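Asks: The structure is given below, and queries will be raised subsequently.
Rule-based calculations on the coordinates, nothing more; no lab input. Here the structure is a predicted model, which is why all the values come from computation and not from measurement. So basically every Cβ, Gly included, is an ideal-geometry build from the backbone, and we count neighbours across all protein chains shown.
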Amino acid sequence: MQAISVICMNLKSVPGRLAATLVAVIGIAGVVMVLVATLAMSQGFKAALNVAGAADVAVIVRGGSSGELASTLLSAEAKVIEDAPGIARDASGPLVSPEAYVLVDLPMRGSGTAANVPFRGVGPRAMALRSHFKLVSGRLFRPGLDEVIVGRGAASQFRGIQVGQPVRFGAKQWDVVGVFEDQGSVTESEVWTDVHVLQASYRRGSSLQSVRAQLLAPQATERLMQALMTDPRVNVTVATEKAFYSEQSRALVTLVTTLGSAIAFIMGIGAVFGAVNTMYAAVAARTREIATLRALGFGGGAVLASVLVEAALIGIAGGVLGGLLAYVGFDGYRASTLNFQTFSQLTFAFRVTPAVLGTGIVYAVALGLVGGLWPGYRAAHMSVTAGLRSL
Amino acid sequence: MTPALVEVRGLRKEYRRGTEVVPVLDGLDLDIASGDYLALMGPSGSGKSTLLNLLGGLDQPTAGSIRVAGVAIEGLSSNELASWRARHVGFIFQMYNLLPVLTARQNVELPLLLTRASQAERQRRAEAALSLVGLADRANHKPGELSGGQEQRVGIARAIVTDPDLLLCDEPTGDLDRKSGDQILDLFDALNREAGKTIIMVTHDPRAAARARRILYLDKGALVREER
């Protein structure tokens, strides 16, 4: 009862020290905004890779390859893969897409600097293997022609790849004929053409970088893996798309999350000092009030609780404000970065999810409480007689 | 003979200023009967406010004992003292020390928040105390909307609302004009004579001290004279 009373009295006095309170709120909001933006970026990566990564699609690359870029499969190997057990089939045959993969230079929209963009040659079943694939403008490329379609992410991040415009990379000029989306997945960072056109254009003969295969069920991975790993005609590594992309981006996601958390932690230390300062000012402004309450018989615990509740509320206000600013400023914002595991640009959209916002607010409350702890302790243990003499 | 409400024996209080020890009270003995009205006078630094703070359990003595209504308060912990103060002592301060964000009634209700009284009971008792000091019509006013004399009367209502054994007043008229000061002293007279409250008042004002039944003079931490 006494704690609630002191808390209410304390909160009623906040308008009298609004400026200092707002400074602390804004300080914490800044930290939370950075934290939420960083986590939203990390979420964006994960989402881009999770959407692309189906559990019932296998990616087959050369044995021991860390990614598609370092992989080479011969067309004979692709034939063996097509006939392997566990792969779904329909009236047109096995649901597989032999794919060639190179990196091309395209200027980034913002800086104009050249960036490595994945250029993928795909088989006619490639679209069926990406369940979220959707053409959003133009049309599909025609097999055998120097035509490309570009992912929505690539179209927004790189110059010169608009529908209807020619673009030059490699030794050729290409016609951009369509834009596709894939629910924000990593695939949207790519440019696609017919696999045979790409092989010819880059003098790759009939070699491929990977084969994608629709599995009968996620459980069929083991069967396919077993069959291919023991087949002396091929030397391949089999993984589900989900596992493949997860491995491809693990270092980048870890780096971003670690760096972001470290930055938020360092900024958090600054924000804690701000909160400490504010709570000290709050306690100083109320020294005589607190001493009077103590003289009347209110316990130190009630005083400590009142300071901590105010600090926590400052944290919540800062957290909500920071989260809101991050949401308005970053949610859906498209960006790209170099995935140094694949040496290619990865486009993604920041995702300020409820979980990310929740993390930001919890962090803000923690900052407020840490900031309020020492001033609150001091207030609860200050000399009553000295407090009563203060002006 | 009326039994002593307050018994002080060999009371010593020293403060430390760096390595220097500053004695403030030096082996003081004092008895205060229930229903007494005592004024403590003396020059600045004589130890009167320190004595008042020790009697009210706001500070701990360096040595000696203080018994109030049979309770040896020098042995109580900080939280025990807070609880004891809430039940037995009413404080009246020179600067009133009202909480500016609360109305007069809410200020008076404050000590009752530490009791088991219901909200209705708290409100009834706060209004009764305000009526007693003549401020029933100012119950919903905040301290900033009251005169100094009115604020001090709210302070008195707050001090008496729990019906404590002891009223401790630190320069209660020190910040008031003569007329308001006289009204406050009239209230103390009434509380002492009609309600039987034991009052200990620190004052520099001889006119205020003259209202008390006893005047004790302190100098350099010792009782040097008593007038009745």
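Asks: What is the local net charge at A:Arg120, summed over the other residues whose Cβ is closer than 9 Å to its Cβ (Lys, Arg +1; Asp, Glu -1)?
Replies: Numbers: positive: none; negative: A:Glu68, A:Glu99, A:Glu190.
Combined, the nearby Lys, Arg, Asp and Glu give -3.
Asks: Of A:Ala302, A:Ser210, A:Ala317, which is farthest towards the positive pole of chain A's charge dipole, taken about the Cα centre with +1 and -1 on the beta-carbons of Lys, Arg and Asp, Glu respectively?
Replies: So the residue we want is A:Ala302.
Asks: Rounded to the nearest whole Å³, what is the per residue volume of the convex hull around the Cα atoms of chain B?
Replies: Spread over its residues, the Cα hull of chain B gives 134 Å³ apiece.
Asks: Under the rule of at least 5 residues apart or a separate chain, name every residue whose amide H is placed under 5 Å from the amide H of A:Leu215.
Replies: Those lying under 5 Å, H to H, from A:Leu215 are A:Val57, A:Ala58, A:Ala88.
Asks: Using only Cα atoms and rounding to the nearest 10 degrees, what angle (0 to 90) does helix A:300-330 make with the longest principal axis of chain A?
Replies: Taking Cα atoms only, the helix is inclined about 30 degrees.
Asks: Using the Cβ atoms and a cut-off under 13 Å, what net charge is assigned to the surroundings of B:Glu227, where Lys and Arg are +1 and Asp and Glu are -1?
Replies: With Lys, Arg at +1 and Asp, Glu at -1, the neighbours total +4.
Asks: For B:Lys48, A:Lys12, A:Lys46, what's the fewest-to-most ordering of other Cβ within 10 Å of each Cβ?
Replies: In increasing order of surrounding Cβ atoms, one gets A:Lys12, A:Lys46, B:Lys48.
Asks: Grab the other residues whose beta carbon is less than 14 angstrom from that of B:Ala136, score K and R as +1, D and E as -1, and report the net.
Replies: That works out to +3.
Asks: Counting pairwise Cα distances across the range B:1-117, what percent come out greater than 23 angstrom?
Replies: 40 percent
Asks: In the range A:64-234, what percentage of the DSSP-assigned beta bridges are antiparallel, given to the nearest 5?
Replies: Approximately 75 percent, going by the DSSP bridge assignments.
Asks: Another one. Taking only the alpha-carbon atoms of the range A:1-99, what semi-axes of the equivalent ellipsoid follow from 5 times the gyration tensor eigenvalues under a square root, in whole Å, largest first?
Replies: Computed over the range A:1-99, the values are 62, 17, 10 Å.
Asks: Could you check the simple spin-label distance between A:Ala285 and A:Gln219, using points 7 Å along Cα→Cβ, in nm with one decimal?
Replies: Here the modelled spin labels are 6.6 nm apart.
Asks: On the Cα set of the range A:64-234, report Rg and Dmax in Å, please.
Replies: Expressed in Å, the Cα Rg and Dmax of the range A:64-234 come to 16.5, 49.
Asks: Convert each backbone phi in the range A:235-245 into a coupling constant with the Karplus relation 6.51 cos²θ - 1.76 cosθ + 1.60 (shift: θ = phi - 60°), then list the ³J(HN,Hα) values in order as whole Hz, x for Gly and Pro.
Replies: Whole-Hz 3J(HN,Hα) from phi for the range A:235-245: 10, 9, 10, 10, 8, 6, 4, 4, 5, 4, 5.
Asks: Follow-up. Would you kindly calculate the mean projected area, averaged across all directions, of the convex hull enclosing the Cα atoms of chain A, in square nanometres?
Replies: If you wrap the Cα atoms of chain A in a convex hull and average its projections, you get 24.1 nm².
Asks: Taking the Cα centre of the range B:90-228 as origin and charging only Cβ (+1 Lys, Arg; -1 Asp, Glu), how large is the dipole, in debye to the nearest 20? The partial results should precede the final answer.
Replies: Details: 20 positive and 20 negative charges, 45 e Å.
In debye, rounded to 20, the range B:90-228 gives about 220.
Asks: Also, I was wondering about something else. Which value, in debye to the nearest 20, describes the size of the charge dipole of the range A:129-173 about its Cα centre when Lys and Arg Cβ atoms bear +1, Asp and Glu Cβ atoms bear -1, and nothing else is charged?
Replies: Numbers: 8 positive and 2 negative charges, 19 e Å.
Dipole about the Cα centre, nearest 20: 100 debye.
Asks: Now for a separate question. In terms of the ratio Rg/(2.2 N^0.38 Å) built on C-alpha atoms, what value belongs to the range A:145-282?
Replies: Ratio of Rg to 2.2 N^0.38 Å for the range A:145-282: 1.63.
Asks: Something else now. Which residues does the label zone of B:Glu227 cover in the range B:33-56, counting backbone N under 15 Å from a point 7 Å along Cα→Cβ?
Replies: B:38-43
Asks: Still on this structure, please answer the following. Obtain the nm distance between the two label points defined at A:Met229 and A:Arg159 by a simple spin-label model: each point lies 7 Å from its Cα along the Cα-to-C-beta direction.
Replies: 4.9 nm
Asks: About its Cα centre, how strong a charge dipole does the range A:232-343 have in debye, to the nearest 20, once Lys and Arg get +1 and Asp and Glu get -1 at the Cβ?
Replies: 100 debye
Asks: Could you tell me which residue out of A:Ala264, A:Ala285, A:Gly368 lies farthest along the dipole of the range A:248-391 toward its positive end? Charges go on the beta carbon: Lys and Arg +1, Asp and Glu -1, centred on the Cα centre.
Replies: A:Ala285
Asks: Any idea which of A:Leu252, B:Leu52, A:Asn10 is furthest toward the positive side of the dipole for the protein assembly as shown, if Lys and Arg beta-carbons carry +1 and Asp and Glu beta-carbons -1?
Replies: Of the candidates, A:Leu252 comes out farthest on the positive side.
Asks: Enumerate the lysines that A:Lys242 could reach by cross-link, defined here as Cα to Cα under 19 Å, with residues fewer than 8 away along the same chain left out.
Replies: A:Lys46
Asks: Right, another one. Applying 1/(1 + (r/R0)^6) with R0 = 41 Å to the Cβ-Cβ distance of B:Asp163 and A:Leu18, what FRET efficiency is obtained, to the nearest 0.05? List each step's numbers first, then the result.
Replies: Details: r = 39 Å, r/R0 = 0.95.
With R0 = 41 Å, the Cβ-Cβ based efficiency is 0.55.
Asks: Where both partners of a DSSP beta bridge lie in the protein assembly as shown, what percent of those bridges are antiparallel, to the nearest 5?
Replies: 70 percent
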